[in-house]
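The values are calculated or read from the model by the stated rules, or taken from the named source; none is laboratory data. Quick caveat, the model's predicted, so the values are computed rather than measured. Here the Cβ positions follow ideal geometry from the backbone for every residue, glycine too, while neighbour counts run over all protein chains shown. The accessibility values were calculated without ligands, DNA or RNA, using every heavy atom of the protein model including side chains. Shrake-Rupley method; radii C 1.70, N 1.55, O 1.52, S 1.80 Å.
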Amino acid sequence: MKILIINGPNLNILGSREVDVYGEKSFEGYLPILKNLFTDLSIEYFQSNWEGEIIDKLHDADKNYSGVVLNAAAYTHTSVAIADAVKAISIPVVEVHISNILQREDFRHKSLISPNCIGSIMGFGLYSYRLGVESLRIVKEN
Ligand code: DQA
């Protein structure tokens, strides 16, 4: 089973960005740990700060992966286009967030993407990605 993790804007600077909210580990530092937890799965990773690139990757994922773990970052709250792309593809997409967006500023409380995802995981730090991958496995096995 092939799973794609997509990270949106500013997640390339995890580890140095707002460490009180997002922690001190980079995603590149966490990815090998995550892969080691799921040696039976193939996990690939894509990050972009560009909305259109994320949309292209979602389209591409439909043919090439069993599911997507998506942290659209700030686009979560603004991007009708990414929400539409998630709706347009047929593979399951799990929304993840490192922080609990419902505990933060009001503008982060609304996710345009969640209605089109099979579920949402938030607030567990980088472990949110682990839960995201696990949830896709459960969905695919049942
Ligand atoms: C985030 C939450 C978003 O509100 C924010 O814009 C991010 C990261 C998270 O993982 O907690 O960049 O998606």
Once Asn10 and Asp106 are pulled to full extension, the length gained, defined as 0.36 nm per residue separation minus their Cα-Cα distance, is 32.6 nm
Scalar couplings 3J(HN,Hα) for segment 42-49 by Karplus 6.51 cos²θ - 1.76 cosθ + 1.60 (θ = phi - 60°), nearest whole Hz, x for Gly and Pro, are 9, 10, 10, 10, 9, 10, 8, 8
Candidates Glu105, Glu95, Glu28; GNM for the chain (alpha-carbon contacts under 10 Å) flags as most fluctuating Glu105
In nm, the gap between the two label points placed 7 Å beyond Cα toward Cβ at Leu31 and Tyr45 is 0.4 nm
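Leaving out ligands and nucleic acids, note down the accessible area per residue over the chain with a 1.4 angstrom probe, in whole Å².
Per residue, the chain has an accessible area of 49 Å².
Scanning the chain for chymotrypsin sites (Phe, Trp or Tyr not before Pro) in DSSP loops with at most 16 other Cβ atoms within 10 Å, what's the longest stretch left with none? Don't skip to the end; give the middle numbers.
Values: sites that count: Phe38, Trp50, Phe124.
In short, 51-123.
Quick check on the chain: helices-only [θ] at 222 nm, where DSSP H runs of length 4 and up contribute -39,500 (n - 2.57) each and the sum goes over total residues. Nearest 500, please.
Values: 5 runs with 53 residues, N = 142.
Rounded to the nearest 500, it is -11000 deg cm²/dmol.
Translational D (Stokes-Einstein, µm²/s) of segment 2-141 at 25 °C and 0.890 mPa s when Rh comes from the Kirkwood sum over C-alpha pairs?
D = 165 µm²/s.
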For the chain, the accessible surface attributable to carbon and sulfur atoms (probe 1.4 angstrom, ligands and nucleic acids excluded) amounts in percent to 51 percent
Which of Ser66, Ser16, Ser120 fluctuates most in a GNM of the chain (C-alpha springs under 10 Å)? That residue is Ser16
Along segment 55-63, Karplus-curve 3J(HN,Hα) (6.51, -1.76, 1.60; θ = phi - 60°) to the nearest Hz, with x for Gly and Pro, reads 5, 4, 5, 5, 4, 5, 4, 4, 8
